[in-house]
Amino acid sequence: MSLTLYNTMQGRKELFEPLEPGRVTMYVCGPTVYNLAHIGNARPVVVFDTLFRLLQTHFDEVIYARNITDIEDKIIAAAKEGGRSIDSVTEEFTTKYREDMAQLNALAPTLEPHATDNIDAMIDLISALIEKRHAYESDGHVLFSVESMENYGKLSGRSLEDMQAGARVEVADYKRYPGDFVLWKPSDDADPGWRSPWGRGRPGWHLECSAMIRAHLGETIDIHGGGRDLIFPHHENEIAQSQCAYGGDYVRYWMHNAFLDMDGEKMSKSLGNVRTVRELLGHYRGEVLRFALLSAHYRSPLNFSGDLLDQAQATLDSLYSTLRAVQDTEMDREVPLADEPFYKALNDDLNTPVAIAKIHALAKQLHKAAETEKPGLKARLLAAGHLLGILEHDPTEWLQGATTSEAISAADIEVLIEERQQAKLAKDYTRADDIREELLMRGIVLEDSREGTRWKRKTD
Ligand code: AMP
Ligand code: ZN
């Protein structure tokens, strides 16, 4: 089956073919590590993790790099404010980022380059730009001259005039043109800095991705992703740097996710409605957050709300209930994906809502299936789940798992179930009913069957 992806550069879906047959290179702009990731930041992570999983079904080798921005003015400010060293800030938030993203079932990327380990590559890139007259030194800064590039603005479809009118560019005395952007800036003694031909300083943010892509993945990569706010200026500037320094094609397919809004309001770090992934994980399991993030197509805005999460929780519970009912069913190992409707949906520009609808259809079939059909259907359902990074838990563990710390523990539930069993044997049905009632009040539903009593947590 062929894979089509929407390429922001072309403004349409295209057949995806890597530059080198069988080998894909993908780069996604990663976090600036000075605070906790919010749920909006998790959207590109979950989207591109799903793409990473899908690409692995097509190609032998998929190299996925996601950088860590560990030098940036916001980090310096956070360290100063907290009276801490830069290293302690970046180490703390890199670790927390990795932990949070792992909770969302996001696989570790193949490479995780840190900006501060790649300063030499950045200095080389600036030198090449100066030599080719695309960059100039001014007042301790090095700037990229946007007028020196013929088709600057191609990705975002903006002309230089539009950009100036948009006023998202910073005007400063040391710039020849307001749209010129910083490649290198001076550091004073108190700030982190590296020696360079232009004095002690530090790199501009846009430079980092261009230099690390070149150093770790090569001159041309297949896929470059991030949220759509990065199209301009970040990705536009990456293109300018890489193409002007090295010639050649920088990125073959540009992919951008739409934004996640919190109850109608655009989420950003400066708003009071920020919900960090860590905070949300105190209320919902990571897989619920992931499922909610995948419930909309990645190019559509997603309204994130408590209702959405509750719905995601209920849907996953019902899928896990279906799986628990076939827990003892042996299953076929290999699932040929080619004819699977969920696979077809994912190969159509990562259409996760359609894939999820196909998963529902499979679960329904499995629920009603004759014994002989169960192994095949169960394997198909799990294969679909694996591609989306869901249904990765043991069904019983999922259905019995506590989501909040004040919930009754599994051990205490088992004790009460045993006590109820003894009461029934002693024909003390009043006590048995009381126990059922008490558990129900604490959110535990009992299901009696010939094999014994099973339980699950209610999720409203
Ligand atoms: P930042 O830390 O702001 O550079 O963001 C890291 C990544 O998260 C980038 O790819 C952003 O485009 C993306 N991002 C930030 N906020 C949101 C949001 N509300 N919805 C979707 N993606 C976002
Ligand atoms: Zn980047």
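Here are some notes:
- Selection of the range 47-66 for residues being polar (S, T, N, Q) and without any contact (Cβ under 8 Å) to a residue 60 or more places away in the chain yields only Gln56.
- Reported count of residues in the range 51-80, each being in contact with a helix residue (DSSP H, G or I) (Cβ under 7 Å, 6 or more places away or on another chain), more than 9 Å from ligand 1 (Cβ to nearest atom) and not in a helix (DSSP H, G or I), is 8.
- Within the range 7-26, considering residues that are touching a residue at least 24 places away in the same chain (Cβ under 8 Å) and under 14 Å from Val62 (Cβ atoms), the one most open to solvent (accessible area, probe 1.4 Å): Leu19
- Some residue of the range 203-211 being farther than 30 Å from Gly22 by Cβ, away from ligand 2 (no atom under 13 Å from the Cβ) and not in a helix (DSSP H, G or I): no
- Here Thr57 does not qualify as over 13 Å from the mean Cα position of the chain (by Cα) and within 16 Å of ligand 2 (Cβ to nearest atom).
- Note on the range 176-195: residues that are open to solvent by less than 30 Å² (accessible area, probe 1.4 Å), away from ligand 2 (no atom under 16 Å from the Cβ) and in a strand (DSSP E or B) amount to 1.
- The residues of the range 196-212 that are open to solvent by less than 10 Å² (accessible area, probe 1.4 Å) and within 15 Å of Asp120 (Cβ to Cβ), listed by number, are Gly201, Leu207, Glu208, Ser210, Ala211, Met212.
- When Arg299 is tested against (1) closer than 17 Å to Phe48 by Cα; (2) surrounded by 18 or more Cβ atoms within 10 Å (Cβ to Cβ); (3) touching a residue at least 24 places away in the same chain (Cβ under 8 Å), only condition (2) is not met.
- All positions within the range 349-373 that are outside any loop (DSSP other than H, G, I, E, B) and crowded, with 18+ Cβ neighbours inside 10 Å: Thr352, Ala355, Ile356, Lys358, Ile359, Leu362, Ala363, Leu366
- The number of residues in the range 96-126 that are of a type outside the set (Lys, Arg), more than 17 Å from Thr50 (Cα to Cα) and assigned to a helix (DSSP H, G or I) comes to 13.
- Number of the condition not met by Phe48 [criteria: (1) within 16 Å of ligand 2 (Cβ to nearest atom); (2) farther than 30 Å from Pro18 by Cα; (3) part of a helix (DSSP H, G or I)]: (2)
The rows are residues; the columns are (1) outside any helix (DSSP H, G or I); (2) open to solvent by less than 60 Å² (accessible area, probe 1.4 Å); (3) more than 20 Å from Gln400 (Cβ to Cβ); (4) not assigned by TED's automatic domain parsing to the domain that holds Tyr320.
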site	(1), (2), (3), (4)
Lys424	no, no, yes, yes
Ile435	no, yes, no, yes
Val445	yes, yes, no, yes
Asp448	yes, no, no, yes
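The values are calculated or read from the model by the stated rules, or taken from the named source; none is laboratory data. All figures in this text were calculated on a predicted structure; none of them were measured in a lab. Glycine also receives a Cβ, built like all others from the backbone with ideal geometry; neighbour counts cover every protein chain displayed. These accessible areas exclude ligands, DNA and RNA; they are computed on the full protein's heavy atoms, side chains included. Shrake-Rupley method; radii C 1.70, N 1.55, O 1.52, S 1.80 Å.
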